[in-house]
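For reference, the structure discussed in these notes is given below.
The values are calculated or read from the model by the stated rules, or taken from the named source; none is laboratory data. Because the structure is a prediction, the values reported are computed rather than measured. No Cβ is skipped: glycine too gets one built from the backbone with ideal geometry, and neighbour counts run over all protein chains shown. Just so you know, the surface numbers come from the protein's heavy atoms only, side chains and all, with ligands and any DNA or RNA stripped out. Shrake-Rupley method; radii C 1.70, N 1.55, O 1.52, S 1.80 Å.
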Amino acid sequence: MAKTFKNFIAGRWVAPLSGDMYENRNPANWGDLIGRFPKSGPKDVDRAVTSAQKGFELWKRTPAPARGDVLRRVGDILASRKEEIARAMTREMGKVLAETRGDVQEGIDTAYYAASEGRRLFGHTVPSELRSKWAMSYRRPIGVAGIITPFNFPMAIPTWKIFPALLCGNAVVFKPSADVPHTGTLLVEALLEAGLPPE
C-alpha cells in the first residue's frame, strides 16, 4: 500500500482539513505509485501562515551565525543523502540521474553559501549631511515568505528561495509543485533534522 504524506504545520505532520488527497505517480511507470499527498486548501494555508508567524517571533531572534549553522547542517544532510534524493527525484519527475544529482548539488551549494552569509549580514554606516546626525542601517527580518516553486528543478529552486529567507531570519511557508511533492517533503525533513525550529 502506498504511503500517505501530510503537511508540516505547527510542528507536526497533519492531514489537510478537507481530507482530500491526490496520487503522485512515476511518469515513466504509471503503475508505480509514489504516495498520496495532501490536496490542501485555503484553510490549510491559513493554518500554515499562523504557525509561521509564531515561529518567526522565535527565529528572528536567533543570531544570524546560528541560523547559518542550521543551513550548514542542511547542506551536510543533503550531501550525505545526495544519491538517495536524486533517485527519488528521478522516480518522481523522470529526469535522468545525472540531472537530478546536479539539482541536489545545487541545493547543497546553496546551503553552504547561505550558511557562510550568516557571518556577513553587515549593516552600513554612512556619512550624514547633517553635523549632529549619525546615519546607519542594519538588516532586520521582515516576516513570513510564501515560497511557491515549479517542478523542473524541485530541489535547486526551493533552496534558492528558502535558504536566503531563513538565513535572514524570516519564516517560510513552502508549497512545492503538485508534480514533485515528495522532493519537497525530503527538503522539509532535512531542514527539521538540521535543527530548524518546527514552528
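Values for this structure:
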{"read-out": "Residues satisfying the stated conditions in segment 174-199, i.e. of a type in the set (Gly, Ala, Ser) and open to solvent by 20 Å² or more (accessible area, probe 1.4 Å)", "value": "Ala178, Gly195"}
{"read-out": "Count - residues of segment 83-108 that are farther than 30 Å from Gly31 by Cβ and in contact (Cβ under 8 Å) with a residue 24 or more places away in the chain", "value": "2"}
{"read-out": "Qualifying residue in segment 166-173 (condition: over 30 Å from Asn29 (Cα atoms), modelled with pLDDT under 95 and surrounded by 12 or more Cβ atoms within 10 Å (Cβ to Cβ))", "value": "no"}
{"read-out": "Any strands (runs of 3 or more DSSP E) falling wholly within segment 1-43 and containing at least 2 residues that are at pLDDT 95 or above, open to solvent by less than 50 Å² (accessible area, probe 1.4 Å) and among the hydrophobic types (A, V, I, L, M, F, W, C)", "value": "29-38"}
{"read-out": "Scope segment 154-165; condition surrounded by fewer than 23 Cβ atoms within 10 Å (Cβ to Cβ) and over 23 Å from Lys60 (Cβ atoms); matching residues", "value": "Ala156, Ile157"}
{"read-out": "Number of positions in segment 67-100 that are of a type outside the set (Val, Ile, Thr), closer than 15 Å to Ala111 by Cβ and under 17 Å from the mean Cα position of the chain (by Cα)", "value": "12"}
{"read-out": "Flag for Asp69 being over 15 Å from Thr185 (Cα atoms), assigned to a strand (DSSP E or B) and in contact (Cβ under 8 Å) with a residue 12 or more places away in the chain", "value": "no"}
